[in-house]
Amino acid sequence: MFFPEGQVRVWLYTEPTDMRKSFNGLSGMVKHQLQEDPLSGQLFVFINRRKTQVKVLYFDRSGYCIWSKRLVQGQFNHATSATSKQSLDWLQLKLMLEGIELKNTRQYKRFARS
């Protein structure tokens, strides 16, 4: 399991991705399709057409890293959007990877100390 830093941004590429792509292919998609900088330290999430495999690309000060997960059963669920990229927070990414969908649950506001 990877452990990114606290306030890292997560971007989900909502269109199907060819999972044969590796570091160069995925970083090229980040630059051209998502219009983001792949060296920024943000997490970029890609899902295949059948929604059975996910890859997460990120840069960790010394080089690119790819984290990959392939499901034996089921599919990854994510909210569809009209745009090609969707912002996620760290909790939403973890829930998506675990197969938990928050469609019918209520999320309460939490207060944090300043």
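Points to keep in mind about this one:
- Once the stretch 64-86 is narrowed to residues that are modelled with pLDDT of 90 or more and of a type in the set (S, T, Y), the residue that is farthest from G25 (Cα to Cα) is S68.
- Among the residues of the stretch 57-88, those identified as out of contact with any strand residue (DSSP E or B) (no Cβ under 8 Å at 6 or more places or on another chain) and β-branched (V, I, T) are V72, T80, T83.
- Of the residues D60, D89, the single one that is at pLDDT below 90, surrounded by fewer than 17 Cβ atoms within 10 Å (Cβ to Cβ), at negative phi and touching a Gly at 6+ places or on another chain (Cβ under 8 Å) is D60.
- Pairs meeting the criteria (first residue in the stretch 53-78 and closer than 18 Å to Q92 by Cβ, second residue of a type in the set (D, E) and surrounded by fewer than 19 Cβ atoms within 10 Å (Cβ to Cβ), beta carbons under 8 Å, at least 6 apart or on different chains) are N77/E101.
- The one condition in (1) surrounded by fewer than 18 Cβ atoms within 10 Å (Cβ to Cβ); (2) farther than 18 Å from W90 by Cα that T17 fails to fulfil: (1)
The values are calculated or read from the model by the stated rules, or taken from the named source; none is laboratory data. A quick note: this is a predicted structure, and the numbers were derived from the prediction, not measured. Counting neighbours? That spans all protein chains shown, and the Cβs are built from the backbone with ideal geometry, glycine included.
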